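Quick note: the coordinates plus some simple rules give every number you see, no bench work behind them. All figures in this text were calculated on a predicted structure; none of them were measured in a lab. Heads up, the Cβs are rebuilt from the backbone with ideal geometry, glycines too, and the neighbour counts pull from every protein chain shown.
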Amino acid sequence: MILAAGRGERMRPLTNALPKPLLKAGACTLIEYQLKNLAHAGFADIVINHAYLGAMIENALGKGERYGVNIQYSAEEKVLETAGGIANALPLLTNESDMLPFVVVNADIYCAMDYAVLLPTLKKMYSGEHQALAHLILVDNPSHHEGGDFVLSGDQVMLTGGNKLTFSGIGIYQPQLFNTTTPGMAAKLAPLLRQAMLEGKVSGEHFSGQWVDVGTPQRLEALDKQLRSS
């Protein structure tokens, strides 16, 4: 699943008439980098949620043929936040008789990680060998978020106990993580993750390569210049 429903307030005026995932950096839009990376890693079926100017996202990406994937859309009449958006899309991601884990990535990041590195953990979560409710990719803290989010100790993600890293917006989730989230209701992901961490049910790994939270026009401009010159 690609999360693409945010309004992108901090990107205004660029997002006044264009949804944030369709902003361009280098040769592609932000969401196209995610689609291409997922397709390269072997992910064929992708769900994209949208709210603000969502029709533009559907018109731009279609059903995903040119990216080698099959796209389904989860339209939201109002922005449901991260957990709410995922819970609302669960019928497209899994089914009651086959409650299997899935990968979720934010549309508004740029990451040089090969998403194929997620496959071993995803397979272990499928089989039940790996008991975590969530597996998070953590990155070095950017200058605009020096305090970080969570602590990585071995392969366990915790709230305290060491130096914090930043959550990348890339994770694998079991559907059960969203059992308390009502479809159609706005809900944030962080409280669910914090509760699961307290129960020792969140694993993770550190990615040390390039990762950009494209949260401001200045960061978008810097990424665009870098990609065009590389």
Need one number: nm distance between label points at residue 77 and residue 116, each 7 Å from Cα along Cα→Cβ, rounded to one decimal.
4.4 nm
Extension gain (nm, one decimal) between residue 146 and residue 44, 0.36 nm per residue minus Cα-Cα:
33.2 nm
Two pseudo-spin positions, 7 Å from Cα along C-beta at residue 131 and at residue 58, lie apart in nanometres by 4.3 nm
Dipole in debye (nearest 20) - region 8-139, about Cα centre, beta carbon charges: Lys, Arg +1; Asp, Glu -1
400 debye
For the chain, the dipole about the Cα centre with charges only on Cβ (Lys and Arg +1, Asp and Glu -1), to the nearest 20 debye, works out at 420 debye
Given the rule -39500 (n - 2.57) for each run of at least 4 DSSP H residues, summed and divided by the residues of the chain, what is its mean residue ellipticity at 222 nm, to the nearest 500 deg cm²/dmol?
-8000 deg cm²/dmol
Label-point separation in nm, residue 9 to residue 206, each point 7 Å along Cα→Cβ:
3.4 nm
Restricting things to alpha carbons, tell me how big region 169-230 is in terms of Rg and Dmax, in Å.
16.7, 46
In Å, what Kirkwood hydrodynamic radius results for the chain from the alpha-carbon pair distances?
18.0 Å
Please go through region 69-161 and write out the GluC sites (Glu not before Pro) that DSSP classes as loop and that have at most 13 other C-beta atoms within 10 Å.
77, 96, 129, 146
